[in-house]
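The values are calculated or read from the model by the stated rules, or taken from the named source; none is laboratory data. These figures come from a predicted structure and were not determined experimentally. Quick reminder, even Gly has a Cβ in these numbers, built from the backbone with ideal geometry, and neighbours come from all protein chains shown. The accessibility values were calculated without ligands, DNA or RNA, using every heavy atom of the protein model including side chains. Shrake-Rupley method; radii C 1.70, N 1.55, O 1.52, S 1.80 Å.
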Amino acid sequence: MKWFTFPGGIHPPEKKELSEKSSIEIMPLPDQVIIPLHQHMGAPAKPVVKKGDLVKRGTLLGEAQGFISSNVHSSVAGKIKDITYFDHSKFGRSMGVIVDVDKENDDWDPQIKPVENPDSLTPEQIIEMVKNAGIVGMGGATFPTQVKLAPPPGKHYEYFILNGAECEPFLTADQRLLIEQPERIFKGCQLILKACKAQKGIVAIESNKPEAIKIWTKFLENQNNFQLKVLKTKYPQGAEKQLIYALLNREVPSGGLPVEVHALVQNVGTAAAIHDVVYHGYPLVERITTVTGAVKQRKNLKLRIGTLVSDIIKYCGGYLGEPGKIIFGGPMMGDSQRTDYTPISKGTSGIVVQNKQQVSRKQHLNCIRCGKCVTVCPMNLLPFEIAIRVENDYIDHAQSLNAMDCIECGSCSYVCPSNRELVQLIRLGKNKITAKRKRGA
Amino acid sequence: MPLEIILSTSVVGAVGLCFGIILSIAAKKFKVETDPRVDKILEVLPNANCGACGAPGCEGFAKGVVEGKYPCHGCIPGGQDVAEKVSKILGVKAETSVKQIAVLMCGGTRQLSPDIADYDGVNTCRSAHLILGGSKACVYGCIGFGDCVEACPFDAIHIGKQGLPQIDGQKCTGCGNCVQACPKNILKLYPVDTPLILACSNPEKLKEVKAVCKVGCIACSLCVKKAPPQALKMENNLPRLQPDAPKDIKLYEEAVNSCPSKCLKLGVD
């Protein structure tokens with residue numbers, strides 16, 4: 001079978017063997033959850049409940065503000081203790097709803113009812129349901145799905161790609177979902193295909209998941225609108241632009257969106273969430289997260305949104321050694337946390353723990369112009385050149401070297417023999433460019 | 001004297017003379033007329049090229065002010081002094097402007113608001129701020145890597161022993177470069193006659209603030225009651241001095257002394 005891929009990229013140790021064999025487990029309800037009101041790209045949701053209110057599972061807590069935003073629902077039944085600031089895993093200090101969990105009556109909100117004919121819905125109806133359910137891209141970028149599903153006027157989709165690459169080391173949540181619930185995902189895929197009005201669907205899985213490939217080859221045998229394509233195991237194979245290039249040989253223009261090359265990419269978890277809302281009416285209140293690294297039992301857990309990391313680690317038997325770093329997401333692109341009193345949100349695909357011995361601190365040396373970062377950069381940029389300019393505050397130069405096209409995958413920092421903080425500097429440069437644009441200079 | 005020396009000296013001298021004559025003719029013939037006022041204004045400007053006026057450097061400002069693009073008091077670092085000189089050159093009446101200086105709205109030193117995590121990355125405030133707001137317990141507070149120090153063209157800011165930037169009121173001209181450089185937005189420009197400064201920017205409430213900083217504003221609003229009526233108002237859990245508040249420092253002494261977390265200060269210095 002031909003393996004599809006893109007030029008550049010790296011192959012870090014996969015470490016998936018730590019958790020890939022453990023099937024999805026449902027974690028018992030915690031005593032308290034903190035549900036962030038900002039779990040998506042764009043504006044935070046506005047709270048529609050107040051302190052002391054009783055909520056059910058699936059009750060609306062926050063309403064989307066503006067076009068790029070998303071609704072937030074309660075993941076548990078219980079009483080609202082407070083609406084206050086907390087440590088968010090991605091956006092720092094922000095607002096969240098603290099709910100004391102009522103473990104006895106874990107019922108869905110009575111307003112949630114499945115639709116009568118899920119197979120006869122129009123694309124617009126599906127998109128409306130996705131919007132109300134607060135579904136966002138669950139691979140980690142958390143872009144509101146309804147915005148992606150409806151192409152802007154004058155544009156259209158040809159292909160829908162189901163992203164089952166999961167190229168980040170350590171993470172196995174999507175892999176387990178592909179193996180255990182192919183029907184649920186496939187029904188979700190059919191809905192997405194209908195909603196975005198694309199003609200063809202592609203299921204893309206990396207070659208390091210033979211079990212999932214076997215199941216899906218069999219599953220897609222009699223489907224003429226869907227096709228399975230196997231990707232070469234490489235990082236960042238699951239990045240949207242790289243995936244489109246690998247499968248369709250189309251390049252997304254600089255600063256543009258995938259819709260310009262008529263492709264829509266959705267994560268496996270997103271497809272499953274879309275299935276749930278259309279067939280059962282359930283809003284997005286739980287997700288599969290891999291808990292791995294320096295923890296006693298590595299698991300793939302089905303978690304309620306808002307469950308605190310400290311509770312999750314306790315359920316997994318505690319830390320292995322003294323914790324040194326807790327990363328939300330994968331080790332390459334994830335965010336390391338300030339504290340373990342942090343809840344998971346819609347985009348938390350994994351929790352990777354490193355202990356004190358595993359956290360490496362290297363001395364940062366000067367660039368020797370070896371060009372390794374240039375050969376691995378999946379966006380064909382010159383990371384060392386951009387980083388040097390950012391270091392010396394030549395922001396305009398960095399911008400002319402297309403710093404804004406960087407996807408922050410971290411491949412350049414990974415290969416650098418001088419341990420330079422390349423991706424960190426580029427990210428800093430991007431932030432400075434945006435700040436400058438905002439000032440209008 | 002050997003012939004070689006005489007010969008080489010005279011040849012070089014003659015060539016130099018020739019070029020000198022050509023250059024002086026060219027200078028007369030291709031002369032570009034400039035407004036003499038531009039040079040005069042350039043002389044009185046601080047020539048720090050800080051960009052606070054909005055023009056690209058002092059020369060840009062001098063040209064712009066002659067063309068009427070910028071007001072006479074447009075040079076912020078120059079202040080009243082330069083504004084008067086510029087207006088004299090242009091023959092217009094000087095407008096009055098109050099000098100502004102930068103003030104740090106945070107009092108959380110390393111001892112009072114310690115780090116709760118370990119930051120290993122690019123040593124700039126903005127880079128640390130991008131990762132969940134940095135490693136300091138209070139995410140609204142000063143990180144102390146000194147982006148403002150780098151941005152200051154007048155050498156008016158230095159990081160003090162306790163990890164917070166110290167602003168030299170004499171050297172600070174109010175150009176605002178540090179205000180733009182600060183990723184936390186806790187450096188602000190205040191007129192020098194501002195009677196009361198709040199050294200905290202944490203918008204959270206008592207319990208959360210106490211957990212992260214010993215000198216954080218806990219939104220008790222005691223100062224609002226002790227200050228002259230209508231002078232202070234609580235906005236976003238922080239007392240804010242109203243624009244029409246009286247400017248006499250003595251009126252605020254009681255409010256400052258009443259503050260339980262000692263985050264109010266009298267005067268900008």
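Take segment B:136-155 and flag every residue that is part of a loop (DSSP other than H, G, I, E, B) and at pLDDT 90 or above.
Listed by number, the residues that qualify are B:ALA137, B:CYS138, B:VAL139, B:TYR140, B:GLY141, B:CYS142, B:ILE143, B:GLY144, B:PHE145, B:GLY146, B:CYS152, B:ASP155.
In segment A:352-364, is there at least one residue being in contact with a Ser or Thr (Cβ under 8 Å, 6 or more places away or on another chain) and within 14 Å of chain B (Cβ to nearest Cβ)?
Scanning segment A:352-364 turns up at least one residue that is in contact with a Ser or Thr (Cβ under 8 Å, 6 or more places away or on another chain) and within 14 Å of chain B (Cβ to nearest Cβ).
Only one of B:LYS214, B:LYS207, B:LYS247 is within 23 Å of A:THR339 (Cα to Cα), assigned to a loop (DSSP other than H, G, I, E, B) and either free of Cβ contacts under 8 Å to residues at least 12 places away in the same chain or open to solvent by 80 Å² or more (accessible area, probe 1.4 Å) (or both). Can you tell me which?
So the residue among B:LYS214, B:LYS207, B:LYS247 that is within 23 Å of A:THR339 (Cα to Cα), assigned to a loop (DSSP other than H, G, I, E, B) and either free of Cβ contacts under 8 Å to residues at least 12 places away in the same chain or open to solvent by 80 Å² or more (accessible area, probe 1.4 Å) (or both) is B:LYS214.
Which of the strands (runs of 3 or more DSSP E) contained wholly in segment A:245-309 include at least 2 residues that are under 17 Å from A:GLN146 (Cα atoms) and among the polar types (S, T, N, Q)?
Qualifying strands (runs of 3 or more DSSP E): A:263-267.
Give segment A:404-441 a look and list any residue that's part of a helix (DSSP H, G or I), away from chain B (no Cβ under 14 Å) and under 16 Å from A:SER254 (Cα atoms), or say none.
Passing the criteria: A:MET404, A:ASP405.
Against the conditions (1) farther than 25 Å from B:HIS129 by Cβ; (2) open to solvent by 40 Å² or more (accessible area, probe 1.4 Å), where does A:ASN402 fall short? Just the number, please.
With respect to (1) farther than 25 Å from B:HIS129 by Cβ; (2) open to solvent by 40 Å² or more (accessible area, probe 1.4 Å), A:ASN402 is out only on (1).
State whether the residues of segment B:3-19 include one that is under 30 Å from B:CYS152 (Cα atoms) and open to solvent by 60 Å² or more (accessible area, probe 1.4 Å).
no
Tally up the residues in segment A:89-111 that are open to solvent by 30 Å² or more (accessible area, probe 1.4 Å) and among the aliphatic types (A, V, I, L, M), please.
Counting residues in segment A:89-111 that are open to solvent by 30 Å² or more (accessible area, probe 1.4 Å) and among the aliphatic types (A, V, I, L, M) gives 1.
Which one of these does A:ASN249 not meet: (1) touching a helix residue (DSSP H, G or I) at 6+ places or on another chain (Cβ under 9 Å); (2) open to solvent by 10 Å² or more (accessible area, probe 1.4 Å); (3) assigned by TED's automatic domain parsing to the domain that holds A:PHE219; (4) of a type outside the set (Ser, Thr, Tyr)?
The single condition A:ASN249 does not satisfy is (1).
Go through A:PHE143, A:PHE86 for me and flag whichever is away from every other protein chain (no Cβ under 14 Å) and open to solvent by less than 70 Å² (accessible area, probe 1.4 Å).
Result of the check over A:PHE143, A:PHE86: A:PHE143.
What do you reckon, is A:MET333 assigned to a loop (DSSP other than H, G, I, E, B) and either away from every other protein chain (no Cβ under 14 Å) or among the acidic types (Asp, Glu) (or both)?
For A:MET333, the condition - assigned to a loop (DSSP other than H, G, I, E, B) and either away from every other protein chain (no Cβ under 14 Å) or among the acidic types (Asp, Glu) (or both) - is not met.
For residues in segment B:156-172 being part of a loop (DSSP other than H, G, I, E, B) and among the hydrophobic types (A, V, I, L, M, F, W, C), which is farthest from the chain's Cα centre (by Cα)?
B:LEU164
Of the residues B:LYS99, B:LYS88, which is at pLDDT below 85 and either within 14 Å of another protein chain (Cβ to nearest Cβ) or more than 18 Å from B:LYS161 (Cα to Cα) (or both)?
B:LYS99
For segment B:79-105, which residues satisfy the criterion of being touching a residue at least 40 places away in the same chain (Cβ under 8 Å) and either farther than 26 Å from A:ASP393 by Cα or in a helix (DSSP H, G or I) (or both)?
If the condition is that a residue be touching a residue at least 40 places away in the same chain (Cβ under 8 Å) and either farther than 26 Å from A:ASP393 by Cα or in a helix (DSSP H, G or I) (or both), then B:GLY79, B:LYS85, B:VAL86, B:ILE89, B:LEU90, B:VAL98, B:LYS99, B:GLN100 are the ones that fit.
Condition check: more than 19 Å from A:ASP340 (Cβ to Cβ), more than 10 Å from chain A (Cβ to nearest Cβ), open to solvent by 10 Å² or more (accessible area, probe 1.4 Å) and of a type outside the set (Phe, Trp, Tyr). Does B:THR109 satisfy that?
The answer is yes for B:THR109.
Only one of these conditions is not met by B:LYS136: (1) buried (at least 21 other Cβ atoms within 10 Å of the Cβ); (2) in contact with a strand residue (DSSP E or B) (Cβ under 9 Å, 6 or more places away or on another chain); (3) more than 9 Å from chain A (Cβ to nearest Cβ); (4) farther than 30 Å from A:ARG420 by Cβ. Which number is it?
Looking at each condition in turn, B:LYS136 falls short on (4).
In segment B:112-124, how many residues are facing chain A (nearest Cβ under 10 Å) and either in a loop (DSSP other than H, G, I, E, B) or open to solvent by less than 20 Å² (accessible area, probe 1.4 Å) (or both)?
Within segment B:112-124, residues that are facing chain A (nearest Cβ under 10 Å) and either in a loop (DSSP other than H, G, I, E, B) or open to solvent by less than 20 Å² (accessible area, probe 1.4 Å) (or both) number 9.
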